[in-house]
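Quick notes on the structure that follows.
The values are calculated or read from the model by the stated rules, or taken from the named source; none is laboratory data. Everything quoted here is computed from the prediction, not taken from an experiment. Here the Cβ positions follow ideal geometry from the backbone for every residue, glycine too, while neighbour counts run over all protein chains shown. Please note that ligands, DNA and RNA were not included when accessible areas were found on the heavy atoms of the full protein model with its side chains. Shrake-Rupley method; radii C 1.70, N 1.55, O 1.52, S 1.80 Å.
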Amino acid sequence: MGGGTSLLTIGVTALLMNSRQLFYSLSFIDVFNKMKQKWYMIFTMTDETYAVNCNLEDQDKEQVMFYVALFSRCY
């Protein structure tokens, strides 16, 4: 703001930067719909959580995804 950037530019930049979370969550929407914690899982998708969840091949994938998200938030 000190450099003369307009509030509109700041707002649009913030919106676009935070929209990554939406696209991450859309790729897991089928898995999240099966889970009780669907809304929690959508809002815990970060770059790191997404990367870990993409590489899971466990039979209890939903439970592992929940703990990855939980521990990522706690960390």
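Quick check for me: using +1 on Lys/Arg Cβ and -1 on Asp/Glu Cβ, what's the dipole size of the chain about its Cα centre, in debye to the nearest 20? Walk me through the numbers on the way to the answer.
On the way: 6 positive and 7 negative charges, 60 e Å.
Once rounded to the nearest 20, the dipole reads 280 debye.
Could you order the peptides 7-14, 29-36 from most to least packed, using the average number of other C-beta atoms within 10 Å per residue? Don't jump to the answer; show the numbers that get you there.
On the way: 7-14: 9.9, 29-36: 11.9.
Listed from highest to lowest mean packing, they are 29-36, 7-14.
Select from F71, G4, N53 the residue farthest towards the positive end of the dipole of the chain; place +1 on Cβ of Lys and Arg, -1 on Cβ of Asp and Glu, and compute about the Cα centre.
Of the candidates, G4 comes out farthest on the positive side.
Ordering S25, S72 from largest to smallest accessible area (1.4 angstrom probe), what's the sequence?
Numbers: S25 5, S72 45 Å².
Largest accessible area first, the list is S72, S25.
Work out how much length Y40 to S19 would gain on full extension: take 0.36 nm times their residue separation and subtract the Cα-Cα distance, in nm to one decimal.
On the way: separation 21, 0.36 × 21 = 7.56 nm, distance 1.64 nm.
The span from Y40 to S19 would gain 5.9 nm if fully extended.
Just the accessible area per residue of the chain, please: how many Å² with a 1.4 Å probe?
Details: 5720 Å² over 75 residues.
On a per-residue basis, the chain sits at 76 Å².
Heavy-atom accessible area of F43 with all protein chains present, probe 1.4 Å, nearest 10 Å²?
Surface accessible to solvent at F43 totals approximately 120 Å².
Could you give me the ³J(HN,Hα) list for the range 60-71, computed from phi with Karplus coefficients 6.51, -1.76, 1.60 and θ = phi - 60°, whole Hz, x at Gly and Pro?
Karplus-based 3J(HN,Hα) across the range 60-71 equals 9, 4, 4, 5, 5, 4, 4, 5, 4, 5, 5, 5 Hz.
Only Cα pairs within less than 10 Å get springs; with that Gaussian network setup on the chain, which residue of Q37, Q59, Q21 has the largest fluctuation?
Q59
Tell me the carbon and sulfur percent of the accessible area for the chain, rounded to whole percent, probe radius 1.4 Å.
Numbers: 3510 of 5720 Å².
Solvent-exposed carbon and sulfur of the chain make up 61 percent of the total.
For P(r) over Cα pairs in 10 Å bins from 0, in percent, several values are listed as [x] 15, 30, 28, 21, 6, 0; [y] 18, 45, 19, 14, 5, 0; [z] 14, 42, 37, 7; flag the one computed from this structure.
[y]
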